[in-house]
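The values are calculated or read from the model by the stated rules, or taken from the named source; none is laboratory data. Please read all numbers here as calculations on a predicted model, not as lab measurements. Please note: Cβ atoms are built from the backbone with ideal geometry, for glycine as well, and neighbour counts cover all protein chains shown. Just so you know, the surface numbers come from the protein's heavy atoms only, side chains and all, with ligands and any DNA or RNA stripped out. Shrake-Rupley method; radii C 1.70, N 1.55, O 1.52, S 1.80 Å.
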Amino acid sequence: MGQLFADIIIDISHEALDRVFEYRVPFSLSGQIAPGCRVCVPFGQGNRETEGYVVALKTEPEYAPEKIKEILSVVADSVSVESQLIKVADFLRKRYGSSMIQALRTVLPVKKKVRHKEEEWISLCLENAQAEELLANWEKRHWSARSRLLTMLLKEKTISAQDALKQCKVARKDLKKLEEQGVLCFAAKQKKDFVPDPSKIPVLNPEQKNVVEHFLEDYDRGERKTYLLYGVTGSGKTEVYLNLLEHILKEGKTGIVLIPEISLTFQTVRRFRERFGERIALLHSRMSGGERTQAIERIASGEADVVIGPRSALFAPLKNLGIIIMDEEHDGAYKSDTTPKYHARETAIYRAKLAGASVVLGSATPSVESYSRALSGEYVLLTLKKRAGDARLPLVETVDLREEFKEGNRSMFSRRLREEINRCLARKEQIMLFLNRRGFAGFVSCRSCGHVIKCPHCDVSLTYHRNGSLRCHYCGFETQYIRQCPVCKSPHVAAFGLGTEKVEAAIKKEFPEAGVLRMDMDTTRKKHSHEEILSAFSRKEADILLGTQMIVKGHDYANVTLVGILAADMSLHGPDYRSGERTFQLLCQAAGRAGRGEKEGKVIIQTYNPEHYALQAAAHHSYEEFYREEYAYRRLMGYPPCAHFLVILIQSGDESQAVLAAGRIQKMIEKSQEKEEDRVLILNPGQAVIAKMRDVYRQVIYVRHESEQRLLSLRERLEPVLASHPVFAGIQVQYDLDPMNFM
């Protein structure tokens, strides 16, 4: 073995993570050093001994070898949390394609220098009887903010001042007035052991109990597996998670709970906090630098041992990790859209393996990939077929919009949906209206017969572009926008598209007496806006909650008895082989919001294609029915999990250079084919779905093969050539393995 050199990071908490130092690996240590290893090195002008982490090994140094200092030793017992995270970064680099620096920035929790704020707490200074009398008086005067504050204090006794300001919307000057009046007082929070209220802990039903016992038997035997918990909406998966975590924490271990959307944190954190108190830490992208740093410090010190958050929470610096729970595991938000384009599911399984932890993937509509792995025995399949308590699955009705059109109804609300909305409003019940919208461009269909204009070579719809063309983003087929339906010859052909603002205006016009809340990317830009909207709906301050997919996942409102799905076809005919799966999942998730309490629920799906298998399976609440059809389609077409895609995205400020680079890469791949069994299928290079973004031109190549490893080795061979070849100077190349969205 030749001389090795190591790139080493000295301070992993520093913001400048791209600052690595090069050291020579002594031959005596060459077999002991690998990425993630903690080592002792001479550092600085005085060569003081300090510790660092190896992030990469190489055979070619960047500096003169005689000027490079030598690693002194490997630190004993160096398998620390930081070591694990650096190994995870190396995994991301190798599997998903990126530089080590990009992977480290993704994985390591960078601390920002911020001034810590002392947290203020408020306690109730009145007896309960006095407080209740005062509350009644405030409610008569319609002092809603003060009433919310007093209600919370009666329940919790002590709350943070931030919660009072944020959730109750009380002004700080009012808090000071109430302190002067002796209603409340500011106090230091007394840290005490949290004991959950036994009356708030539900008794597990037989199905939930079987799932928990199965997991715990394996865990107590020392078996660390990956489990797929497939449970219908409302079956009590969260209660199962709480019981598993409770056992793990008693063993002195810690846990991570991943959720796909920030909008889910409000209800999720509340339920977990009721069980585990202040042992919970929250991590998400809407937190300020100071809030994130404080949370990371609480986690690193062991003060918090359960971390909840979206995808990036997977990299929380937890010690003694015992379990990673990934709720709504099918969700596309678990796939990163920036380099490295990692999937949280595969990364969670890798981190759990390093830490000796178990993984639980939960969903009412598992991804086709996960369910096929569970059927093959790679994952352990656990099921919950019934809703918790006595709740029943909602009745689902499908409305054919073709018939509505023939009857002269041009409204976005079918007659059946309008009738049910009026019924719910009369009964003071709540309604959720879901607009199934994804992507920037719609599809083209005939409003008379429902025919969707599809690619003649691929089973996907053609995407409408602003220049009037229809294009397939699988094979590159392109045609001009048509004015007449090729099936029924009707002139009523249009690009199908609808926005939430337009729907909100229509609701207010047709149901003027209804209170409406809209939840989409526009209304949730501000910090805490998710929980403010959901809290208002929970307090019944609105009759109708309108939104995109962020409203249909995980939320539990007992008074919601109707869910209306306005345009099921908007994702059904997206330019993506996953369109059927996404539609089925979103429809089931949306339907699952209805009838979660004692009242019976109803779901109305509006569609131009009621005969599509994804819609029929959703109406029957049958995942198995959907999976049979979808897997047969994937196997026939050679799509994941039956085969794999490597996507190569080529970007340049010069359009001709991007096209030229894509052609050269295609030829390089073709020349690299040696054995017949190793041959990959190259789909013709062409423009990306968004051909130009921020003045950068984008070309894309799709490469398909049954073997994932074959695609990974192809990328490994391409990377150094493209990075060093002068022809590709100024060309940015990114890779994505099995993308969730097409580029």
Inset, instruction - Taking Gln673 as meeting all but one of (1) assigned to a loop (DSSP other than H, G, I, E, B); (2) open to solvent by 30 Å² or more (accessible area, probe 1.4 Å), write down the number of the exception. - result: (2)
Legend entry - Pick from region 176-197, criterion within 32 Å of the chain's Cα centre (by Cα) and open to solvent by 90 Å² or more (accessible area, probe 1.4 Å), ranking: modelled with the lowest pLDDT: Phe194
Inset, instruction - Would you confirm whether any residue within region 681-697 is modelled with pLDDT of 90 or more, among the basic types (Lys, Arg) and surrounded by fewer than 17 Cβ atoms within 10 Å (Cβ to Cβ)? - result: no
Legend entry - Some residue of region 143-165 being at pLDDT 85 or above, in contact with a Cys (Cβ under 7 Å, 6 or more places away or on another chain), surrounded by 14 or more Cβ atoms within 10 Å (Cβ to Cβ) and part of a strand (DSSP E or B): no
Inset, instruction - Take the residues in region 452-485 that are touching a Gly at 6+ places or on another chain (Cβ under 7 Å) and part of a loop (DSSP other than H, G, I, E, B), then tell me which one is modelled with the lowest pLDDT. - result: Gly476
Inset, instruction - Check region 527-543 and report whether any residue there is under 30 Å from Asn409 (Cβ atoms), surrounded by fewer than 24 Cβ atoms within 10 Å (Cβ to Cβ) and polar (S, T, N, Q). - result: no
Legend entry - Answer residue from region 491-528, given it is within 25 Å of the chain's Cα centre (by Cα), aliphatic (A, V, I, L, M) and modelled with pLDDT of 75 or more and is farthest from Cys449 (Cα to Cα) among those: Leu517
Inset, instruction - List every residue pair whose Cβ atoms sit under 8 Å apart, with the two residues 6 or more apart in sequence or on different chains, where the first one lies in region 659-670 and is within 12 Å of Ile682 (Cα to Cα) and the second, anywhere, is open to solvent by less than 80 Å² (accessible area, probe 1.4 Å) and assigned to a helix (DSSP H, G or I). - result: Ile665/Leu718; Ile665/Leu722; Met668/Leu718; Met668/Val721; Ile669/Leu714; Ile669/Leu718
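Here is a yes/no grid of residues against (1) of a type in the set (Lys, Arg); (2) open to solvent by 50 Å² or more (accessible area, probe 1.4 Å); (3) part of a loop (DSSP other than H, G, I, E, B):
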site	(1), (2), (3)
Thr338	no, yes, yes
Glu346	no, no, no
Ile349	no, no, no
Val360	no, no, no
Glu378	no, yes, yes
Gly389	no, yes, yes
Leu393	no, yes, yes
Arg402	yes, no, no
Inset, instruction - Identify, by number, the condition in (1) in contact with a strand residue (DSSP E or B) (Cβ under 7 Å, 6 or more places away or on another chain); (2) at pLDDT 90 or above; (3) closer than 30 Å to Arg392 by Cα; (4) part of a loop (DSSP other than H, G, I, E, B) that Cys488 doesn't meet. - result: (3)
Legend entry - Total residues in region 682-722, condition closer than 12 Å to Ile650 by Cα and of a type in the set (D, E, K, R): 2
Inset, instruction - Could you tell me which numbered condition Ala426 fails, if it satisfies all but one of (1) under 28 Å from Ser571 (Cα atoms); (2) without any contact (Cβ under 8 Å) to a residue 12 or more places away in the chain? - result: (1)
